[in-house]
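Scroll down for the structure; my scribbles are underneath it.
The values are calculated or read from the model by the stated rules, or taken from the named source; none is laboratory data. On a predicted model such as this, the values are computed, not experimentally measured, just so you know. Positions of Cβ are backbone-derived with ideal geometry, glycine not excepted, and every protein chain shown enters the neighbour counts. With ligands, DNA and RNA removed, areas are computed over all heavy atoms of the protein, side chains included. Shrake-Rupley method; radii C 1.70, N 1.55, O 1.52, S 1.80 Å.
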Amino acid sequence: MTDRATVLIVGAGPAGLVLGNLLRDKGIDTLILERGSRAQVQARARAGFLGANSARVLTEHGLGAGLARDGQFHDTCAFRSEDGQFELKYSALGRGEAHTVYPQQNLVTDLIAEYLDRGGRLRFDVTVTDVDPGTGTVGFRHQGGTGTAQGQFLVGCDGSNGATRTAMPAALVTRYARDHGVAWLALLAEAPPSMPAVTYAIHDNGFAGHMARSAEVTRYYLQVPPDEDPEAWPDERIWAELGVRMRTEAFGPLREGPVIDRRVVRLRSNVVDPMQHGRMFLAGDAASLISPSAAKGANLALMQAEVLGLALTDALTRDDERALHAYSRTCLPRIWRAQEFSHWMITLLHGPDAGDPDRDFERAVRRARLHSLRDSRAHQDFFAENYVGI
Ligand code: APR
């Protein structure tokens with residue numbers, strides 16, 4: 001028997017859950033199929049920095065209670081290098097916007113509870129294996145058996161390696177992709193933040209980053225070779241290298257604690273154009289993966305979920321498909337702006353490879369770029385507008 005839904009959504013990450021909530025708010029019948037268990041999805045620690053548009057999306061659609069209660073206002077970042085440290089208070093620059101720090105686990109937990117409260121259907125431990133964009137049908141595996149589900153509309157929110165993106169017909173879509181040749185060892189430490197601000201450290205050994213998550217847990221990043229084994233980094237080595245790159249001799253010690261999660265993330269970006277085919281639409285990482293250098297992934301996902309949610313609502317409640325037809329056209333310019341800025345951040349944070357014959361020149365240019373950001377108000381406004389905005 002085929003499960004039917006007006007809107008069938010694959011994936012219960014930030015994109016799928018925000019979309020499901022928006023549609024349920026208008027009484028539209030939805031079914032979400034999710035590969036992981038509820039516990040797994042709610043424990044996944046990934047994004048945490050929500051820009052002004054994301055906070056607006058959540059608040060305006062009645063999804064912002066947790067954010068308002070526990071989210072932390074964040075409006076300053078710092079850069080450290082051989083020339084010292086400077087801070088940018090970006091709420092006083094550009095458009096005057098700030099971040100709210102709210103860990104993804106909390107956001108996803110809130111969104112699942114609210115979605116079920118709104119009468120949404122959600123099935124965990126269901127892996128979609130086949131996708132037919134033309135009929136909006138998917139095949140899935142569940143507890144050793146198989147099944148099918150069909151939606152009047154089908155939305156792929158199953159991330160960058162998901163089944164829906166793969167089902168986009170090769171001849172009709174352009175796939176833009178870039179491997180930036182850089183990787184980060186992404187770390188979660190059970191330790192309070194060491195500094196008040198997000199801190200980007202630029203060093204000949206490679207980039208290091210510090211990002212607050214909560215009073216108990218802090219995110220750090222260390223640039224490593226793309227094929228690095230995370231197990232090569234025991235806690236002592238991590239703290240020693242963070243100390244070197246964060247220049248703790250000059251700026252004071254880090255607040256150390258056990259490292260509870262370590263994984264290597266390759267900095268990759270890709271975009272699928274168009275983001276729709278037949279009855280199927282892609283949103284979030286399924287449509288466009290962005291490198292984490294400017295913390296844009298979840299913010300892009302929420303932007304797309306809102307645009308698509310409103311467009312599907314128009315189509316299903318007012319028989320008006322104009323916004324739906326314009327979905328790719330509306331989202332892609334914003335996605336590319338974010339990709340451009342993220343790429344700019346990559347060139348700011350990472351030095352040339354040791355073997356690069358133009359290494360000295362590249363280092364000097366990067367240093368000048370950093371000086372420009374430190375000294376030029378126009379450059380700072382550009383940074384602030386793009387860093388927080390979509
Ligand atoms: N069948 C069912 N579910 C699937 C399948 C599949 N074949 N493949 C993946 N999924 C599920 C994953 O288990 C995951 O829960 O789809 C979900 C995708 O979620 P995310 O990867 O978080 O993607 P998205 O919702 O687009 O969020 C994008 O949020 O996590 C942050 O910054 C991160 O950029 C990312 C952003």
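Points worth noting:
- Residue within the range 153-161 that is assigned to a strand (DSSP E or B) and open to solvent by 30 Å² or more (accessible area, probe 1.4 Å) present: no
- Within the range 1-17, considering residues that are in contact with an Asp or Glu (Cβ under 7 Å, 6 or more places away or on another chain) and outside any strand (DSSP E or B), the one nearest to the ligand (Cβ to nearest atom): Gly11
- Residue in the range 124-158 that is nearest to the ligand (Cβ to nearest atom), counting only those that are of a type in the set (S, T, N, Q) and under 30 Å from Val265 (Cα atoms): Thr127
Here's the yes/no breakdown for (1) open to solvent by less than 10 Å² (accessible area, probe 1.4 Å); (2) in contact with a Leu (Cβ under 7 Å, 6 or more places away or on another chain); (3) within 16 Å of the ligand (Cβ to nearest atom); (4) on the phi < 0 side of the Ramachandran plot:
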| residue | (1), (2), (3), (4) |
| --- | --- |
| Leu267 | yes, no, yes, yes |
| Arg279 | no, yes, no, yes |
| Leu300 | yes, no, yes, yes |
| Leu312 | yes, yes, no, yes |
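- Residue within the range 167-179 that is under 30 Å from Asp319 (Cα atoms) and open to solvent by less than 20 Å² (accessible area, probe 1.4 Å) present: yes
- Gly94 being in contact (Cβ under 8 Å) with a residue 12 or more places away in the chain and not charged (D, E, K, R): yes
- Every condition in (1) within 25 Å of the chain's Cα centre (by Cα); (2) surrounded by 14 or more Cβ atoms within 10 Å (Cβ to Cβ) holds for Asp229 except the one numbered (2).
- Condition met for Ala354 (modelled with pLDDT under 95, of a type outside the set (S, T, N, Q), under 23 Å from the mean Cα position of the chain (by Cα) and open to solvent by 30 Å² or more (accessible area, probe 1.4 Å)): no
- From Asn161, Asn106, residue being among the polar types (S, T, N, Q), within 16 Å of the ligand (Cβ to nearest atom) and without any contact (Cβ under 8 Å) to a residue 12 or more places away in the chain: Asn161
- Number of residues in the range 289-298 that are open to solvent by less than 10 Å² (accessible area, probe 1.4 Å) and either in contact (Cβ under 8 Å) with a residue 60 or more places away in the chain or within 7 Å of the ligand (Cβ to nearest atom) (or both): the value is 3.
- Residue check for Gly284: surrounded by 19 or more Cβ atoms within 10 Å (Cβ to Cβ) and either under 21 Å from Ala208 (Cα atoms) or touching a Gly at 6+ places or on another chain (Cβ under 9 Å) (or both): yes
- Ser342 vs. criteria within 29 Å of the chain's Cα centre (by Cα), polar (S, T, N, Q) and open to solvent by less than 20 Å² (accessible area, probe 1.4 Å): yes
- On the stretch given as the range 23-56, residues that are within 11 Å of the ligand (Cβ to nearest atom), open to solvent by 60 Å² or more (accessible area, probe 1.4 Å) and within 24 Å of Val138 (Cβ to Cβ) total 4.
- Within the range 166-208, the residues that satisfy the criterion of being within 18 Å of Phe49 (Cα to Cα) and in a strand (DSSP E or B) are Trp184, Ala186, Leu187, Leu188, Ala189, Val198, Thr199, Tyr200, Ala208.
- A single entry from Arg374, Arg363 fulfils the requirement of being touching a Pro at 6+ places or on another chain (Cβ under 7 Å) and surrounded by fewer than 20 Cβ atoms within 10 Å (Cβ to Cβ): Arg363.
- Screening the candidates Thr129, Thr100 for the property of being assigned to a strand (DSSP E or B), free of Cβ contacts under 8 Å to residues at least 40 places away in the same chain and either open to solvent by 10 Å² or more (accessible area, probe 1.4 Å) or closer than 28 Å to Ala189 by Cβ (or both) yields one hit, Thr129.
- Each residue in the range 46-69 was checked for being of a type in the set (D, E, K, R), over 20 Å from Glu385 (Cα atoms) and free of Cβ contacts under 8 Å to residues at least 12 places away in the same chain, and 2 of them qualify.
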